[in-house]
Amino acid sequence: MFYKFLLVSVIIGFSFILFRWFERKSLYFPIRKIEITPEDVGLSYEDIYFDTDDGLKLHGWFIPSTSKKVLIFCHGNGGNISHRIESILIFNSMGLNVFIFDYRGYGRSPGIATDKGTTLDALAAYKYILKSKTEPGYIILFGKSIGANVAISLASNLDKGILIAESGFTSVMDVARDIYKVRPPDFLIYNKYNSLIKIKDVTIPKLIIHSQDDEYIPIKHGMRLFNEAKEPKEFFKIRGGHNEGFLVTGKEYRIRIEEFINKYIECD
């Protein structure tokens with residue numbers, strides 16, 4: 001009897017570990033190699049290393065402009081900061097300072113990415129910008145894909161600045177249900193990224209962006225986030241796939257974001 005119990009316990013434990021491994025492999029796709037820098041496309045930049053509250057030293061780039069406005073860029077779950085050059089060019093062309101950083105486990109940042117860890121990373125980036133670059137009212141939190149969920153989590157604790165969340169999802173559980181047609185039990189999911197709950201606590205102005213053609217995160221996720229969010233809020237429906245929507249939408253993308261920023265942050 002004891003051996004049967006032991007065998008069942010081992011099987012359950014192994015299955016749980018296997019599920020966690022599968023969850024991680026499905027959520028995070030980091031690349032270590034930095035393949036291009038802002039300098040390669042004609043932008044000056046600073047290589048920045050900054051500390052998290054749990055003792056990691058993360059890597060990022062600060063691309064300067066003449067403005068006081070700083071856009072903190074929380075990127076998606078694949079690659080690293082060097083794969084966001086096109087977005088950096090767009091935001092810098094708006095006259096914004098851009099601070100883009102790699103989460104733990106990405107690029108030159110040590111560690112292993114988790115829900116709580118990426119939120120700590122974004123908080124550390126925010127603290128660094130406050131300490132050395134600008135004031136809270138000039139900060140734009142921008143998040144794309146899983147980065148939108150990271151930015152929403154950070155924004156839920158702020159009372160100044162603005163939030164732009166693009167292609168975010170309501171929760172990992174909801175995405176799993178979309179893909180596998182079954183919602184897994186909450187206790188099985190370690191990295192929850194439950195933005196549907198956290199966005200209710202975001203009081204700063206927010207712009208929710210989502211593509212009607214998103215092949216990974218259906219637009220219903222963006223609509224649900226928008227519906228649960230408090231005023232002031234705006235929704236911007238774009239075109240194109242999950243990774244190309246900002247390029248497909250083109251000039252309209254830049255104009256709408258600039259209008260939103262200038263509406264809530266004074267020109268300097």
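Where a number appears in this text, it was derived from the coordinates with a stated rule and is not lab data. This structure is a prediction, so every number in the text was calculated from the model and none was measured. Every residue, glycine as well, gets a Cβ built from its backbone with ideal geometry; the counts of neighbours run over all protein chains shown.
Relative contact order of segment 23-75, please, whole-number percent, based on alpha carbon pairs below 8 angstrom and at least 6 residues apart. Walk me through the intermediate numbers first.
Details: 32 pairs, mean separation 12.7, N = 53.
It rounds to 24 percent for segment 23-75.
Seen from all sides and averaged, what is the projected area of the convex hull of the Cα atoms in segment 30-264, in nm²? Numbers along the way, then the final one.
Working: hull surface 47.2 nm².
Across all orientations, segment 30-264 yields a mean hull projection of 11.8 nm².
Just want to confirm a number: the relative contact order over segment 30-264, from Cα pairs under 8 angstrom separated by 6+ residues, in percent. Write down the numbers at each step before the final one.
Working: 501 pairs, mean separation 35.8, N = 235.
Value for segment 30-264: 15 percent.
When the expected Rg is taken as 2.2 N^0.38 Å, what fraction or multiple of it is the alpha-carbon Rg of segment 47-88? Please report the intermediate quantities before stating the final value.
Numbers: Rg = 11.9 Å, N = 42, 2.2 N^0.38 = 9.1 Å.
Compactness ratio reported: 1.31.
Would you mind computing Rg(Cα) / (2.2 N^0.38 Å) for segment 80-157, counting N as its residues? Before the final figure, lay out the partial values.
Details: Rg = 12.4 Å, N = 78, 2.2 N^0.38 = 11.5 Å.
That ratio works out to 1.08.
With the cut-off at 18 Å, tell me which of the pairs K57/K127; K69/K200; K131/K206; K160/K237; K133/K200 have Cα atoms farther apart than that.
Values: K57/K127 13 Å; K69/K200 25 Å; K131/K206 24 Å; K160/K237 25 Å; K133/K200 29 Å.
Result: K69/K200; K131/K206; K160/K237; K133/K200 exceed 18 Å.
Report the calculated FRET efficiency for I90 and E46 (r = Cβ-Cβ distance, R0 = 25 Å), to the nearest 0.05. Present the calculation step by step, with values, prior to reporting the outcome.
Values: r = 20 Å, r/R0 = 0.78.
Working from the Cβ atoms, E equals 0.80.
Determine the sum of side-chain charges near L163: Lys and Arg each +1, Asp and Glu each -1, restricted to other residues whose C-beta is under 10 angstrom from that of L163.
On the way: positive: K206, K233; negative: none.
In short, +2.
About its Cα centre, what dipole magnitude does segment 30-264 give when the only charges are +1 on Lys and Arg Cβ and -1 on Asp and Glu Cβ, stated in debye to the nearest 20?
420 debye
Residue farthest toward the positive end of the dipole of segment 30-264, with Cβ of Lys/Arg at +1 and Asp/Glu at -1: which of P205, H242, F73?
Positive-most Cα among the choices belongs to P205.
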